[in-house]
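What follows is one structure encoded as structure tokens, with my remarks underneath.
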Amino acid sequence: MAYSDFLEEINTRTKALFSEVSAEYNFDNGPEFEIALCKLFRILLPTKYGVCRGFVVSKDGTTAGDDIIIFDQERFPSLRLLQTRDFGQKEKIPIEAVYAYIEAKHTLCLEGNGGQSLGKSLKQIEAVKNVSRAKVPMTQISPQVAILSYNANRPPYWPNYRNPLYTAIISRNVRIKENSPFVEADAFQSIMQAKCVQISQMQNAPDVLIAGSDVICVPSVNGQIESPFFMPGVSYLSPIVSKERAFSAGLTSMLYAFDHITLGNIHWPSVIAYGLNLTLVNSPE
């Protein structure tokens, strides 16, 4: 029993919260499931982590995403400066502040390219991961302090920088095709296995994929879970069937990843200079 069966505690809270939201909204629309997940993250995560729905934004104004963002709310503001965060309104979060981006799907369609499809979710993940942000080197030990003589290298199945962006696809139900009935794990396991082979060829694959309550796809190296991060060319996304443990295992994997993320900085001089119509002599790239 690890830490008083932490996974089972998360599983219990998840089922209770989904039942509560389902009774109120019946999950008729996708946003209700996003809001339910936001409430779950707010219960699970320490207060330093902000939780919202919305978009990531880069220094040059590039935006991506449209679902759930987990960010450092102690160091960074949102860009809309909303007074309350009831998860109904969408925010804009600087990419430098983001720990994780999550595609939330009440029902994930394994085939097709519709709004609830796996293909659409993968494109959203790819777009977010393509938003530019500077990598924090392993020698950076705090926002303003680096030990340049320090030779720090992680194993090949870990990112060799400190601020990798964690991404996830989380769904409550699974369909093979749009408008087809919901299916249980045994009915789509072989399809998910084939999908994982394809996804593992991507440069910007998600770090975890939760397909309903019973199936989770996590990065593995030679059949072993070595890191919570997907590393292209090194790891493979492996589907695992575990009765009613997919959500709790996936959220725990996310916590594991957050323990190994150190975020960088917003370049505040650029913000000030732009607002005052000034030109920086040593402007960052």
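The values are calculated or read from the model by the stated rules, or taken from the named source; none is laboratory data. All values derive from a computational prediction rather than experimental measurement. Every residue, glycine as well, gets a Cβ built from its backbone with ideal geometry; the counts of neighbours run over all protein chains shown. Side chains included, ligands, DNA and RNA excluded: accessible areas come from the protein's heavy atoms. Shrake-Rupley method; radii C 1.70, N 1.55, O 1.52, S 1.80 Å.
Size descriptors for the range 102-203 (Cα atoms only): Rg and Dmax, in that order, 18.5, 59 Å.
Per residue, the convex hull spanned by the Cα atoms of the range 161-211 measures out at 96 cubic angstrom. Comparing T14, T139, T63 in a Gaussian network model of the chain (Cα springs below 10 Å), the most mobile by mean-square fluctuation is T139. For the range 176-285, the C-alpha radius of gyration divided by 2.2 N^0.38 Å, with N the number of residues, is 1.53. In plain terms, the chain from K123 to S19 could stretch by 34.5 nm, reckoned as 0.36 nm per residue minus the Cα-Cα distance. Shape class of the range 32-112 from the Cα gyration tensor (axes a ≥ b ≥ c, square roots of the eigenvalues): oblate, since a/c reaches 1.5 or more and a/b does not exceed b/c. Given R0 = 25 Å, the distance between the Cβ atoms of N160 and E74 translates into a calculated FRET efficiency of 0.45. Given labels modelled 7 Å from the Cα in the Cβ direction, how far is it in nm from N113 to I240? Distance between the two pseudo-spin positions: 3.4 nm. The label-point distance for D60 and Q189, in a model that sets each label 7 Å from Cα toward Cβ, rounds to 4.7 nm.
Give the percent of DSSP beta bridges with both residues in the chain that are antiparallel, rounded to the nearest 5. Provide the component values of the computation, followed by the final result.
Working: 24 of 43 bridges.
Antiparallel bridges: around 55 percent, rounded to the nearest 5.
D5 to S270: FRET efficiency via 1/(1 + (r/R0)^6), r the Cβ-Cβ distance, R0 45 Å, to the nearest 0.05?
Values: r = 48 Å, r/R0 = 1.06.
About 0.40, to the nearest 0.05.
Rounded, prolate or oblate, given the Cα gyration tensor of the range 91-139, with a/c below 1.5 counting as rounded? Intermediate results must be reported in sequence, preceding the final value.
Working: a/c = 3.00, a/b = 2.37, b/c = 1.27.
It comes out prolate by the Cα gyration axes.
In this structure D259 has an accessible area near 130 Å², from a 1.4 Å probe over the protein heavy atoms. Placing one equal scatterer on every Cα of the chain and applying the Debye formula, the log10 ratio I(q)/I(0) at q = 0.10, 0.17 Å⁻¹ is -0.54, -1.51.
Pairwise Cα separations in the range 31-71 fall into 5 Å bins from 0 onward with the following percentages, short to long: 6, 24, 26, 21, 13, 8, 2.
Charges were assigned to the Cβ only: +1 to each Lys and Arg, -1 to each Asp and Glu. The resulting dipole of the range 177-227 about its Cα centre is roughly 160 debye.
With K and R counted +1 and D and E -1, the other residues having a Cβ less than 11 Å from that of R13 yield a net charge of -1.
Other residues with beta-carbon under 11 Å from the beta-carbon of R75 carry, at +1 per Lys or Arg and -1 per Asp or Glu, a net charge of -2.
Only helical runs count toward this figure. For the chain, summing -39,500 (n - 2.57) over DSSP H runs of n ≥ 4 and dividing by all residues gives -9500 deg cm²/dmol at 222 nm. Backbone phi angles across the range 229-241, fed through the Karplus curve with coefficients 6.51, -1.76 and 1.60 (θ = phi - 60°), yield HN-Hα couplings of 9, 7, 10, x, x, 10, 9, 10, 7, 10, x, 10, 9 Hz in residue order; Gly and Pro are listed as x. Here the range 42-75 is scanned for amide nitrogen atoms under 19 Å from the site 7 Å beyond the Cα of V145 along Cα-to-Cβ, giving 75. For the range 133-201, relative contact order (Cα pairs under 8 Å, six or more residues apart, normalised by length) works out to 21 percent.
For the chain, averaging the sequence separation of C-alpha pairs within contact (under 8 Å, six or more residues apart) and dividing by the residue count gives a relative contact order of 16 percent.
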